[in-house]
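Readers should treat all values here as calculations from the given coordinates under stated rules, not as data from a laboratory. All values derive from a computational prediction rather than experimental measurement. Because the Cβ atoms are built from the backbone with ideal geometry, glycine has one as well, and the counts that use them run over all protein chains shown.
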Amino acid sequence: VAGLAVSGLMLPEAVAYAAIAGVAPGHAILAAIIGTLAYALAGRSRFAVVSATSSSAAILAASLATLPGGEGVRALFLIMAVAFAGLLFLLAWLFRLGGLTGFISHPVLRGFAFGLAITICVKQLPVLTGIPAPGGSLFQTG
């Protein structure tokens with residue numbers, strides 16, 4: 001029952017974050033399955049939920065948007081970025097670096113999450129309203 005409850009939350013969330021990152025939903029489902037299996041082998045907490053995050057989706061989307069070239073180049077970068085992040089997580093696990101997260105203050109984490117939530121909401125407004133968003137950055141005037 002717990003597995004069904006977690007998958008009921010994790011899979012739609014991963015697909016939504018894939019849309020934010022600009023990748024196919026199938027990639028998100030595959031990443032969710034592989035990430036969960038990897039955590040089953042290396043993780044310790046019974047309470048941790050392994051899932052895509054809004055911050056990783058936003059960072060990946062920003063990285064993919066700056067790449068020149070076609071879909072092949074972006075797909076290769078996507079695979080390399082995810083593999084590198086997984087390697088870094090495995091190295092952090094190997095060297096027991098999880099305790100370093102205690103040095104990040106709660107206001108910093110809350111501020112980051114709040115800023116990211118606002119960014120995601122603002123970026124989804126054109127999708128919800130059907131009104132196309134003008135191009136450019138937030139700070140451009142004209």
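With each pseudo-label sitting 7 Å past Cα toward Cβ, what's the Ala113-Leu128 distance in nm, one decimal?
Modelled inter-label distance: 2.0 nm.
Starting from the eigenvalues of the Cα gyration tensor, five times each then square-rooted, give me the equivalent ellipsoid semi-axes of the chain, largest first, whole Å. Working shown, then result.
Numbers: eigenvalues 158, 73, 62 Å².
In descending order the semi-axes read 28, 19, 18 Å.
Take each of the peptides 113-124, 6-17, average the number of other beta-carbon atoms within 10 Å over its residues, and list them starting from the highest. Working shown, then result.
Working: 113-124: 12.5, 6-17: 16.7.
Result, highest mean first: 6-17, 113-124.
Pull out the extension gain between Leu9 and Cys121, defined as 0.36 nm times the separation in residues minus the alpha carbon to alpha carbon distance; nm, one decimal.
On the way: separation 112, 0.36 × 112 = 40.32 nm, distance 1.92 nm.
Between Leu9 and Cys121, full extension yields an extra 38.4 nm.
Show me, for the stretch 28-40, the HN-Hα J-couplings you get by feeding each phi into the Karplus relation (A = 6.51, B = -1.76, C = 1.60, θ = phi - 60°), rounded to Hz, glycine and proline as x.
5, 5, 4, 5, 5, 5, 5, x, 5, 5, 5, 5, 4
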